[in-house]
Amino acid sequence: PRRVLSSATRALPPLVPRPPRAEHRGAVAMAMRPPRCGVVVLLALCAAALVCVARGQTSAILDQALNHKETAVASIKARLESGAVALADGSLDAATCGGGAASSCTAALGTPFCDINFGNTAGCSCRGRAIDTSKSVIKTSAKLDVSATALKRTACLAAHLQPNLTAMYSTMIETGDTKWLYFGSKDGVIVNYPGFVWGDQTAPDGCDEYYDSRLRPWQMTAATGPKNIVLILDVSGSMSVANRLGLMKAAAVKVIDSATHSDYIGIVTFNNAGATYQGLTTMAKALPAFRTRLKSYIGGLSSGGGTNFEAGFAAAFALIDSSRAKKYAASCHTTYMFLTDGIATNPKDMIRARQATDAGKDEHYFTVAFGTGTDYDMLRGMSCDIGAVFTPVPDGDEAALQRAMISYYKFYALQKTLSKVEGFTWTEPYTSVPDIWGPLTSVSAPVYDKTREPWHMMGVASADATVCNLELKAPETPAPATLTTVTGCTCKSGAWTYKGVSYSGCSDVDWPVPWCATGPGCGVCDSTITSTGCWDDCQATGQAAALESELLRRATSWCESSDLPACAVEALRRTADPTHAAACTVCSAADIEKYQWAIDGPDANTSAAATSAAAGFTLSSTSGGLAGTLFDSNTATCSCSTDMSPSCSCTAPPPLSPFPPPSPPAPPKEEGAKEELPIGIIVGAIAGVMLIAVVWGVYLRCVGRGASKPPMMQPQPIIQMQPIINMPPTTHMPLGYGYTQAAPPAIAPVFRPGYPPAYTPPQGEAPPYGNQPPPPYPQQYPPPPPSAPARNYYPST
């Protein structure tokens, strides 16, 4: 346990007054050399002060880099929301919508060139990827079941957004560490900038037909917020029929991939009895390495035995309760995703009994009935009784099953919409699609149609950044003398055992982060886990850990614990199960229409003004093989480097121009503008000066103990600010464990602040929120050109 320092502190002895200058001059000859220990302490604390200043400066640089991305996303969000206004009033029409974006599944780009910052491509002689900075591209698929109206509206919004994206190219991508700027619609359609060819498969059933932006971490976390996810999966013998088990595995993998570091996840399988992944008694943070293990576990599931719904829910409830007790759960919503193809005793009584207790608060249920032979009526009735959303899925429909397994996306998006939640979320480092050099992290914000009440969430705006560049801006931490944990425990020295296997130090076996056995009474104590009876997560160190801790802090800044109105849940049920006429809740037609608008937007209530822009043009894409063209990725012979530099040499067709088109000039600095010193530098400098002042006082007393030893006149040390060094990119640095690092922040609910006034819009653009000017743009990151002003709508969190 950590030692708590007493608030009472010992007063420093009074400083020896400096003698008059004349007296001091006469006493110089008698002065003795100051004690060597005092000089050493003084120099050491001076060095510590410099480190404090440097770390404060580094933290300020990281804050500026992250805030810069948030400002860019705010600009994209505002432009899209003004586009919704223009679509509603008819000012954005067919003439301005047409030709706004190209299909990403095509063999042609308008004005392509090879950008070395986007990976290695044989068609570019391994000098980059062919991109188009003049237009975005749209990625969709027939598997998403997107209506023509919704797709055309997204194309119109892409055309409306294009001037902002083009203006951001020079500051965000060409000279910055951003790779992609994008918008994911509520239907799973993605608008991506700069434009690029998605892949070699351009046939209608190719080009990654199952890609759904709602399942990507950047969109899922912005639309739903932090949450607990428990998958309750039927593995009874009947799941072997019609490849149900195989389709369930594919859909479960998609759900796992959509989770982020702000989520906790657990898996329960059931037939006659319930079981958890590897027998774990808690959920775990959904970090990438752990998600990979969960997906491998899902892939190895087999079917057999009977069906016991109650056993599955009992195991899920025990997992959640244990996770909360051991603090391995998000302090936010809990999601139970229940999938079955069988018939069993109705578990509604045990679920309703839980809902009547404190443990059942802010817990939400989603039921998927898969295949013929399932008791649809019983599961529908159960869903009505417990307030769940029920979705039936026929045999063989993989796309429908995938949509059903993420039905909680619409639930939490609706909850955010009705609460009018604004703000940013960040993902942990992840692999981009398409993959480029090294991991990325993304910042995202929800985009709303605010033309009527309630609002409608149109999708999510996002920008990413290369992790290796951000890590260089993160503070470093020193290594401790002994292995410690996030709660201050000391790892057991020597060997310890887990499941009969011996380990020493920290291990990540069966867990998302390295952990170790601890002494009695420290950490999480469970006699069945380790030979010592207790365990805890090891502390991470290094710039990578500092960056991920800050990303997590920003990702968990929102959690609004509230239940949806009964008629809002009823509207969700009708969206998920449109063929069933019977209602669980009696609601007026006006209420259902209101909430369906919030869920589906203009698709649910199409007006002439809202769809006129989308009605005047047609969508088309050009198909054709890429092999042998300038866009041929030739991945069999030309692989991408992971160290942010080209490493391959391939024989390929003549390359495109390796140089991008000239960027627009940087905007002139406003006359009279003053440079602002980052707050981290100021705080670090003040702390350093205070340290030196205290040591100087102690030193004067040490030297002036006797009357015959007047203090020497020592010059005050001069501390210069360390210059900011732009270091070249390096390889992605993995987390180091066993060293000190500030413990990750507790995931606690943060109440949503009121939406602040926004910016003064350009001439001719309707002001969506107000006219308060934005705060100054962060130093060292020049704002975009005047055509896309930097706009900050959100208070800092």
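Check whether at least one residue in region 414-424 is modelled with pLDDT of 90 or more and in contact with a Ser or Thr (Cβ under 6 Å, 6 or more places away or on another chain), and report yes or no.
no
If you go through region 420-434 one residue at a time, how many are open to solvent by less than 20 Å² (accessible area, probe 1.4 Å), under 14 Å from Ala465 (Cα atoms) and β-branched (Val, Ile, Thr)?
2
Only one residue in Phe317, Phe366, Phe290 is part of a helix (DSSP H, G or I), of a type in the set (A, V, I, L, M, F, W, C) and either at pLDDT below 95 or in contact with a Phe, Trp or Tyr (Cβ under 6 Å, 6 or more places away or on another chain) (or both), so which one is that?
Step by step, each of Phe317, Phe366, Phe290 is checked, and only Phe290 is part of a helix (DSSP H, G or I), of a type in the set (A, V, I, L, M, F, W, C) and either at pLDDT below 95 or in contact with a Phe, Trp or Tyr (Cβ under 6 Å, 6 or more places away or on another chain) (or both).
Does region 341-349 contain any residue that is open to solvent by 20 Å² or more (accessible area, probe 1.4 Å), at pLDDT below 95 and among the acidic types (Asp, Glu)?
No.
Scan region 570-592 for residues that are in a helix (DSSP H, G or I), under 22 Å from Asp145 (Cβ atoms) and hydrophobic (A, V, I, L, M, F, W, C) and jot them down.
Answer for region 570-592, where residues must be in a helix (DSSP H, G or I), under 22 Å from Asp145 (Cβ atoms) and hydrophobic (A, V, I, L, M, F, W, C): Ala571, Leu572, Ala576, Ile592.
Kindly provide the set of residues from region 92-150 that are at pLDDT 75 or above and among the charged types (D, E, K, R), ordered by number.
Asp115, Arg129, Asp132, Lys135, Lys139, Lys143, Asp145
Determine which single condition Lys77 fails, assuming it passes every other condition in (1) part of a helix (DSSP H, G or I); (2) crowded, with 23+ Cβ neighbours inside 10 Å; (3) modelled with pLDDT under 70.
Here Lys77 meets the rest and fails (3).
Can you confirm whether region 247-257 contains a residue that is of a type outside the set (D, E, K, R), outside any helix (DSSP H, G or I) and surrounded by 23 or more Cβ atoms within 10 Å (Cβ to Cβ)?
Within region 247-257 (the criterion being of a type outside the set (D, E, K, R), outside any helix (DSSP H, G or I) and surrounded by 23 or more Cβ atoms within 10 Å (Cβ to Cβ)), the answer is no, since none of the residues qualifies.
Of all residues in region 350-368, which are β-branched (Val, Ile, Thr) and crowded, with 18+ Cβ neighbours inside 10 Å?
Those that are β-branched (Val, Ile, Thr) and crowded, with 18+ Cβ neighbours inside 10 Å: Ile351, Thr367, Val368.
Out of (1) part of a helix (DSSP H, G or I); (2) among the hydroxyl-bearing types (Ser, Thr, Tyr); (3) closer than 22 Å to Gly360 by Cα, the odd one out for Tyr595 is which?
The failed condition is (3).
Tally time: how many residues in region 188-199 are surrounded by 24 or more Cβ atoms within 10 Å (Cβ to Cβ) and not in a strand (DSSP E or B)?
Selection size over region 188-199: 4.
Taking the residues in region 369-395 that are in a strand (DSSP E or B) and touching a residue at least 40 places away in the same chain (Cβ under 8 Å) as candidates, determine which candidate is most open to solvent (accessible area, probe 1.4 Å).
Going through the qualifying residues, I end up with Pro392.
Would you please name the residue that is farthest from the chain's Cα centre (by Cα), looking only at residues in region 162-187 that are over 20 Å from Arg214 (Cα atoms) and open to solvent by less than 10 Å² (accessible area, probe 1.4 Å)?
Residue satisfying both the conditions and the ranking: Ala167.
Working only within region 458-472, note down all residues that are under 18 Å from Tyr409 (Cβ atoms) and open to solvent by 10 Å² or more (accessible area, probe 1.4 Å).
Result: Met458, single match.
Every residue in region 499-543 that is of a type in the set (Phe, Trp, Tyr) and buried (at least 19 other Cβ atoms within 10 Å of the Cβ), please.
Selection gives Trp511, Trp515, Trp535.
Failed condition for Gly342, given (1) more than 24 Å from Lys249 (Cα to Cα); (2) part of a loop (DSSP other than H, G, I, E, B), with all others met?
(1)
Across region 227-267, which residue is farthest from the chain's Cα centre (by Cα) among those that are within 15 Å of Ser296 (Cα to Cα) and not hydrophobic (A, V, I, L, M, F, W, C)?
It comes out as Gly246.
Thr281 passes all but one of (1) assigned to a helix (DSSP H, G or I); (2) open to solvent by 10 Å² or more (accessible area, probe 1.4 Å); (3) more than 30 Å from Leu440 (Cα to Cα); which number fails?
Going through (1) assigned to a helix (DSSP H, G or I); (2) open to solvent by 10 Å² or more (accessible area, probe 1.4 Å); (3) more than 30 Å from Leu440 (Cα to Cα) one by one, Thr281 breaks only (1).
Give Thr482, Thr487, Thr417, Thr451 a once-over and let me know the one that is surrounded by 17 or more Cβ atoms within 10 Å (Cβ to Cβ) and in a loop (DSSP other than H, G, I, E, B).
It is Thr451.
The values are calculated or read from the model by the stated rules, or taken from the named source; none is laboratory data. Values in this document were obtained by computation on a predicted structure and should not be read as measured data. All Cβ positions, even for glycine, are placed from backbone atoms using ideal geometry, and neighbour counts span all protein chains on display. Quick note on the areas: whole protein, heavy atoms, side chains included, nothing else; ligands and nucleic acids left out. Shrake-Rupley method; radii C 1.70, N 1.55, O 1.52, S 1.80 Å.
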